[in-house]
2 protein chains.
Amino acid sequence: MTGTRGAYRKTAQRREQILDAAFTLFAKNGYTASSVNEIARMVGISQTGVLHHFAGGKLALLTAVLQQRDALAEENLRGKTGRDFLATLVEISRIQATQRGVVQLYRNLSTEAVDPEHPAHEYFRDRLSRIADAVTQAFTEVLEQDGLTPGTEPREASLSTLAMTEGLEALWLQGMDVDMAEGIRLFINGYLTRAL
Amino acid sequence: MTGTRGAYRKTAQRREQILDAAFTLFAKNGYTASSVNEIARMVGISQTGVLHHFAGGKLALLTAVLQQRDALAEENLRGKTGRDFLATLVEISRIQATQRGVVQLYRNLSTEAVDPEHPAHEYFRDRLSRIADAVTQAFTEVLEQDGLTPGTEPREASLSTLAMTEGLEALWLQGMDVDMAEGIRLFINGYLTRAL
């Protein structure tokens, strides 16, 4: 009686194992230098075994890994506006300081994806412009509540905040002694009449 | 009579061609995903031909490419102190906006090199800490001339300036509409009593 349900659970588990391995390998070596074969070896199954779960091969694995991670971050931000949204960016950064692999994955893949021929090029381009728009929107909401320092322009504040976030992540990944979340909080505070 | 000199010139030219190809390929695909074979193909010679000029293979090519580029940037900064040093950082960034490949090379390689097993790991770690020290030194010199805004701490200003630089480069490479040099100039100005 448990046959079907057990098999389903086993399939879900195996999928999870494959995604974890793909995540680890992409974070370490990027997409181009990773292979389905190596992912299969990490899980202890055959390449055919991986393709049974992800028929689209390496690209399908990449897409699944990215969607899984982005869904987590977007869930944190859902429904937040203005100062709450900005404070959540700081919180996300605080969490990321405990998830070195995630930060490395995004840096590695977004770097490769600069190449217009990279399969994730559009994914990353759209993702970045979506984030920039959302942060601009949050700064605009704070502006409407007279919460921005004089002369602060929401779009500019958004792009600068994203640059500072990317930059602090880069220094942190490279082993410099920086506190990402604290750095972003102080940077955003420079635009606010009342500190976060 | 021109034999030896002609042969020498030809060798130097070939070395240059190989380095240019290595630069292009590393900038596009990073180090791990590049091969000596592909570099040879780009130049139109055999793999043995490349190894004749760079006996150390791919790693020797990487080292040569990085040293060539870093030497150029260091030449610009040599002998500069305080505000002059900071103004030169802005100038370097202005030049880099015309050298997309160089920016891409550093982002790509420094990203891979986060991995402690990467052959350029120590090179990039040492490079970043050398730059951080030099920028701290410049801010300290400005401080000694009472040129920093109250509360500015040179080490902190240095790391933040590097983060902003890395971040603006990342956004720019990913196609966002940012002016790297102008962004860095304005950011540094936030620390100075007199604008650059």
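Assorted remarks:
- Taking other Cβ atoms within 10 Å as a rough exposure proxy, B:MET180, A:MET42 sort from fewest to most as A:MET42, B:MET180.
- Lysines with Cα under 24 Å of A:LYS10, excluding same-chain neighbours fewer than 8 positions away: A:LYS58
- Dimensionless Rg/Rh of the stretch B:1-66 - Kirkwood Rh, Rg from C-alpha atoms: 1.02
- In terms of overall dimensions, chain B has a Cα radius of gyration and Dmax of 19.6, 69 angstrom.
- Electrostatic dipole magnitude of the stretch A:79-196 [Cβ: Lys, Arg +1; Asp, Glu -1; Cα centre; debye, to 20]: 280 debye
- Footprinting exposure proxy ranking of B:LEU86, A:LEU51, A:LEU171, B:LEU77, fewest other C-beta atoms within 10 angstrom first, gives A:LEU51, B:LEU77, A:LEU171, B:LEU86.
- Rounded Å value of the spacing that divides the Cα centres of the stretch B:120-140 and the stretch B:42-80: 21 Å
- When the convex hull of its Cα atoms is projected in every direction, mean area for the protein assembly as shown (nm²): 24.1 nm²
- Chain A holds its axis-closest Cβ, relative to the rotation onto B, at the residue and whole-Å distance A:GLY167, 2.
- Against the main long axis of the alpha-carbon atoms of chain A, helix A:100-112 sits at an angle near 90°.
- Projecting 7 Å from Cα along the Cα-to-Cβ direction, the label point of B:THR11 sits 6.5 nm from its equivalents in the other copies, listed shortest first.
- Helix B:57-77 and the longest principal axis of the C-alpha atoms of chain B enclose an angle of approximately 40°.
- Cα-based helix-to-principal-axis angle, A:154-173 vs chain A, degrees rounded to 10: 50 degrees
- If you run the Gaussian network model on chain A, springs between alpha carbon atoms under 10 Å, then out of A:GLY175, A:GLY183, A:GLY57 the most flexible one is A:GLY175.
- With contacts taken as Cα pairs under 8 Å and at least 6 residues apart, the stretch B:1-99 reaches a relative contact order of 20 percent.
- For B:GLU91, label point 7 Å along C-beta direction: distances to other copies, nm: 4.7
Taken together, the values in this text are just the output of simple stated rules run on the coordinates, not laboratory data. Just so it is clear, the model here is predicted, and its values are computed rather than measured. A quick note on method: Cβ atoms are made from the backbone with ideal geometry, for glycine too, and the neighbour counts reach across all protein chains shown.
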